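A quick write-up on the structure given underneath.
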Amino acid sequence: MFSYNVIQTPSFKYNTKSIDNIFKNISKIVSKDQKWILNIVFLDSCSIQKLNNDYRWINKTTDVLSFHYFEDFSLLNNDDLAWEIILSEEKIISGWIEYKLWTEKEFYKLIIHSVLHILWYDHELDNDYKTMQELEDKIWKEVFEK
């Protein structure tokens, strides 16, 4: 199971127990190594736009970016930082407005989505999209609908 750090606490409230449960359920459902540290970082829209442009060549802001810091994890210790999820608090709040989700729910959905990306899932092809969506739904139900 991932260990994680939240960098720069957002203005909205969230429950660390919910994040713990997300990671716990992901580790039960997805059989890939998840023993290293993941940072959850909040940045302003301009900073996340710059990262999006620098690393994905898309010059616009986004709600979340996921970064792998290693291709080979075999030399890492359990307490090494291996990944980061970069979130735009502004986009999370605007997602709440656009999709009528409460901010905390939007945050949890982005965490689940991002962690799946970190675990090498993608949604570029229709079949991959379906697989990823099914996993997201299954994790959500395990954490929030039981």
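Does Leu38 satisfy the condition of being within 18 Å of Leu110 (Cα to Cα) and either under 16 Å from the mean Cα position of the chain (by Cα) or at pLDDT 90 or above (or both)?
So Leu38 fits the description; yes.
Condition check: among the basic types (Lys, Arg), out of contact with any strand residue (DSSP E or B) (no Cβ under 6 Å at 6 or more places or on another chain) and touching a residue at least 12 places away in the same chain (Cβ under 8 Å). Does Lys109 satisfy that?
Yes.
Under 9 Å between Cβ atoms, at least 6 apart or on separate chains: pull out the pairs that start in the stretch 122-146 with a residue that is under 12 Å from Asn25 (Cα atoms) and assigned to a helix (DSSP H, G or I) and end on any residue that is modelled with pLDDT of 85 or more and of a type in the set (Phe, Trp, Tyr).
Qualifying pairs under 9 Å: Trp140/Tyr108; Val143/Tyr108; Phe144/Tyr108.
For residues in the stretch 113-146 being closer than 20 Å to Asp33 by Cα and hydroxyl-bearing (Ser, Thr, Tyr), which is surrounded by the fewest Cβ atoms within 10 Å (Cβ to Cβ)?
Thr131
Is it true that Ser66 is more than 23 Å from Tyr121 (Cβ to Cβ) and in contact with a helix residue (DSSP H, G or I) (Cβ under 7 Å, 6 or more places away or on another chain)?
The answer is no for Ser66.
Return yes when Thr16 is modelled with pLDDT of 85 or more, hydroxyl-bearing (Ser, Thr, Tyr) and out of contact with any Lys or Arg (no Cβ under 7 Å at 6 or more places or on another chain) and no when it is not.
Here the answer is yes, as Thr16 does meet what is asked.
Return yes when Asp80 is charged (D, E, K, R), surrounded by 11 or more Cβ atoms within 10 Å (Cβ to Cβ) and over 19 Å from Leu116 (Cβ atoms) and no when it is not.
yes
The values are calculated or read from the model by the stated rules, or taken from the named source; none is laboratory data. Treat the numbers as computed from the prediction; the structure is a model and nothing was measured. Heads up, the Cβs are rebuilt from the backbone with ideal geometry, glycines too, and the neighbour counts pull from every protein chain shown.
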